[in-house]
Amino acid sequence: MKSAVQAIDPDATVDFYRGFTGTGTTAASLTTVDPAAVAAASGYDAVIVYTGTDAGTATEDRDRTTMALPGAQADLINQVAAQNPNTVAVMEAIGQVDVGSFEPNVHAMMWSSYNGQRKGEALADVLLGAYNPSARLPFDWYQSASQLPSITDYAIRPSDTSPGRTYMYFNGAVSYPFGYGLSYSRFAYSNFDIDRHSLTADDSFRASVDVTNTSSVPGSDVVELYVTTPDAPASAQRPRKRLEGFRQVQLDPGQTKTVTLDVKVPDLAFWDESADRYVVDDGRYGVQVASSSADADVHAQDVVNVSGAVTQTPSVVTAKPAIESDALRDVAQRAEFPEGVRIVPNLTVAMNDESLYGYVTKGSSRPLPPGMTVSYASNRHTIVNVDSAGHIHTLNPGVATVTATATYHGVSRSTRFTVRVVSQLDSLRVNGHDVAGFHPDTYRYDAIAPAGSNAPHVSATTPDKDATVSIDQAPGVPGTATVKVTQADGVSFTYRVDFAPAARSDDFSSSTLGSQWSWIRNDPSSESLTSTPGSLVITPQTGDLSAQHPRAERPRRLDDHVEAGLQLGPARQQPAGRDHRLPGRRRLRQARLGVQQRRRALRRDDRGLPVGGTGRAGPEDDPDGVDHGRGHDRLVAHGEARADLHHVLLDRWRQLHADLHDGGRAGERQSRRVRLQPRRDDV
């Protein structure tokens, strides 16, 4: 600012005063006005007080609680203005601020939002006249935050408790209206004209007005066009007015130019919730040219009459291609397609009134309107073909682009989607029988076979004569057969069939341990198979068990349920005076250890061999199933059990620290270890 002033007048004196005492560097910390700076203001021809907000005022996730300038900035403006009537208040702020206390006292005010690195030069250009401002407010400048409803009230229309929001609905007093802005020039409007006054909902009209620069300073004006609905019923809650167009015009002193603004009647539509589309009201519409949204700033106005409905035409066409079986599998859209299938394009047509036809969401499609036609075209007919009925089919591996075109009332709109046709299996068989639930892009399946038997034979085919299919048979049961289909371009897909013996229950349901269990170290006085049916109850001494439980390993085959539970009950009574709270341990109570295995019922074929697809590409991770809210610790693994389940269970006992040990201090150690070990042939 100093450089710009002295470039005009080298003898000018330009001084800077902080305006506040203290060393604060944020807007909120400017709390004490410097009386020396205020007193000095009277000795200058003009004073600029630069104020505003900063990141401490509000951020993206934290709103302002007041419209007041932070700190004592408003007091500084008033005190300086009292000393020098030629005071200009400049505000660089996040939004509108409360100017009511100092607006009557200053010679001029300028507001801007946050600026860039050269804002000092820009400010000098505006204040010294090198640039003639022409900006307009993008919001109503409310007088105070008390005019606004609660931040959680999102209603835009006025009510008994709120004056509404935005220039379209707010019915309170404002400091400055939407669209307001001054410049160093003055302008006059004349010869306002509308070319058509009787219109249908499909029509448009042109408004024109002459604008004259009546000042001696070149400048630009912004002509604003607003539309009102004077005959709308109050129940419709239409806006006071809507900005439908604006245009900036540059004028030399005394120059006149004609400004034209075109308005499309469909743009005047309102959303009709019952019709689920935009609808144009019949009746009169007021047309105003103005310099702001305030009625006092309207320079000329006229009316037009509208009747009829908007003719629907396509606006946007989109596609979510899939195949017929995808809907049952909740596959919404795909880019890869097997050979020899019909593509379902799932076309959606959005109309000019924003109504939707065709596929909208799953289960809520809407038939295309009568008379609308849809056509499809493929750029590579040997890969994707469109037959005479308009059906899209995949033929051979490769990539093709399909164009879909919707035509209605003489208007056409198109979209394109890419189809990659891949060589996948079209059949998968076990011992000559189709795998139940087979789908070309489901890559893993499960089958039940007798333990220790020879693995069933797997066969597979692909419709691609140029593709190769290789099969690695399972070595036995348990085991996995792997099928790999490879396209001519080297792209391959791998399928797996996992064979496992049938699962069986293995509960502690007898008064004696089954033969599949053996004790490493046994204390009959501390174990019971009868106190809690279906469980082996072990009563440990304090410190026998660690409070930390490792993550349980998830089984990897079949939809089985495997559960290992450790329930803590009252600990055995210890001699008086003994410290039970041993370092690094927690006081444990009765422990119950049990295993349950529940097998999902599988469909069997006529040879008694259960075969089924899991519909999964592989196992997923489970969270640590430790439940601390029911008085006991319980680790649960849900998923697919594998054939060597005895290894899984044995590993789990080890992971659960079933080797019980005492964490006591030296001299108090009473060690005891229990291992529960299933036999290999009992699964």
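The table for this structure:
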read-out: Identity of the residue in region 342-358, part of a loop (DSSP other than H, G, I, E, B), open to solvent by less than 40 Å² (accessible area, probe 1.4 Å) and of a type outside the set (G, A, S), that ends up nearest to T313 (Cα to Cα); value: D353
read-out: Odd one out for K465 among (1) of a type in the set (K, R); (2) touching a residue at least 60 places away in the same chain (Cβ under 8 Å); (3) open to solvent by 50 Å² or more (accessible area, probe 1.4 Å); value: (2)
read-out: Unmet requirement for V331, which otherwise passes all of (1) open to solvent by 60 Å² or more (accessible area, probe 1.4 Å); (2) free of Cβ contacts under 8 Å to residues at least 60 places away in the same chain; value: (1)
read-out: Flag for R18 being under 19 Å from S175 (Cβ atoms), open to solvent by 60 Å² or more (accessible area, probe 1.4 Å) and part of a loop (DSSP other than H, G, I, E, B); value: no
read-out: Residue in region 2-15 that is farthest from Q73 (Cα to Cα), counting only those that are of a type in the set (A, V, I, L, M) and in a loop (DSSP other than H, G, I, E, B); value: A12
read-out: Within region 468-481, considering residues that are without any contact (Cβ under 8 Å) to a residue 60 or more places away in the chain and open to solvent by less than 40 Å² (accessible area, probe 1.4 Å), the one nearest to V399 (Cα to Cα); value: A481
read-out: Options V421, V360: the member that is closer than 30 Å to L268 by Cβ and in contact with a Ser or Thr (Cβ under 7 Å, 6 or more places away or on another chain); value: V360
read-out: Test: residue in region 452-459 that is in contact with a Pro (Cβ under 6 Å, 6 or more places away or on another chain) and in contact (Cβ under 8 Å) with a residue 40 or more places away in the chain; value: no
read-out: Residue under evaluation D272, criteria (1) within 23 Å of Y131 (Cβ to Cβ); (2) free of Cβ contacts under 8 Å to residues at least 24 places away in the same chain, criterion not met; value: (1)
read-out: Condition check for R420: in contact (Cβ under 8 Å) with a residue 40 or more places away in the chain, basic (K, R) and either in contact with a Phe, Trp or Tyr (Cβ under 8 Å, 6 or more places away or on another chain) or under 30 Å from L328 (Cα atoms) (or both); value: yes
read-out: Subset of region 89-103 that is out of contact with any helix residue (DSSP H, G or I) (no Cβ under 8 Å at 6 or more places or on another chain) and β-branched (V, I, T) - its residue that is farthest from A55 (Cα to Cα); value: V99
read-out: Verdict on M168 being open to solvent by 30 Å² or more (accessible area, probe 1.4 Å), at pLDDT 95 or above and closer than 22 Å to R238 by Cα; value: yes
read-out: Selected residue [hydroxyl-bearing (S, T, Y), in a loop (DSSP other than H, G, I, E, B), in contact (Cβ under 8 Å) with a residue 24 or more places away in the chain and open to solvent by less than 50 Å² (accessible area, probe 1.4 Å)] from S183, S208; value: S183
read-out: Residues satisfying the stated conditions in region 228-255, i.e. open to solvent by 30 Å² or more (accessible area, probe 1.4 Å) and within 23 Å of F187 (Cα to Cα); value: L243, E244, F246, R247, Q248, Q250, D252, P253, G254, Q255
read-out: Strands (runs of 3 or more DSSP E) contained in region 383-458 and holding at least 2 residues touching a Leu at 6+ places or on another chain (Cβ under 9 Å); value: 384-386, 398-408, 411-422, 444-448
read-out: Residue check, T23 within 42 Å of the chain's Cα centre (by Cα) and either assigned to a loop (DSSP other than H, G, I, E, B) or among the aromatic types (F, W, Y) (or both); value: no
read-out: Criterion: open to solvent by 30 Å² or more (accessible area, probe 1.4 Å) and either touching a His at 6+ places or on another chain (Cβ under 9 Å) or at negative phi (or both) - qualifying residue of A296, A322, A269; value: A296
read-out: Wholly enclosed strands (runs of 3 or more DSSP E) of region 274-341 bearing at least 1 residues closer than 30 Å to P370 by Cβ, of a type in the set (F, W, Y) and within 31 Å of the chain's Cα centre (by Cα); value: 277-279
read-out: Every residue from region 21-34 that is exposed (fewer than 15 other Cβ atoms within 10 Å of the Cβ) and in contact with an Asp or Glu (Cβ under 7 Å, 6 or more places away or on another chain); value: T21, T26
read-out: Residue count, region 211-227 (criterion: farther than 19 Å from G181 by Cβ and open to solvent by less than 30 Å² (accessible area, probe 1.4 Å)); value: 1
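So that you can scan it fast, the table gives a plain yes or no per residue for (1) among the charged types (D, E, K, R); (2) more than 45 Å from the chain's Cα centre (by Cα); (3) modelled with pLDDT under 90; (4) exposed (fewer than 15 other Cβ atoms within 10 Å of the Cβ):
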residue	(1), (2), (3), (4)
R413	yes, no, no, no
S427	no, no, no, yes
V435	no, no, no, no
Y445	no, no, no, no
G452	no, yes, yes, yes
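The values are calculated or read from the model by the stated rules, or taken from the named source; none is laboratory data. These figures come from a predicted structure and were not determined experimentally. Reconstructed Cβ throughout: ideal geometry from the backbone, glycine too, with neighbour counts over all protein chains shown. Accessible surface is based on the protein model in full, side chains and every heavy atom, while ligands, DNA and RNA are left aside. Shrake-Rupley method; radii C 1.70, N 1.55, O 1.52, S 1.80 Å.
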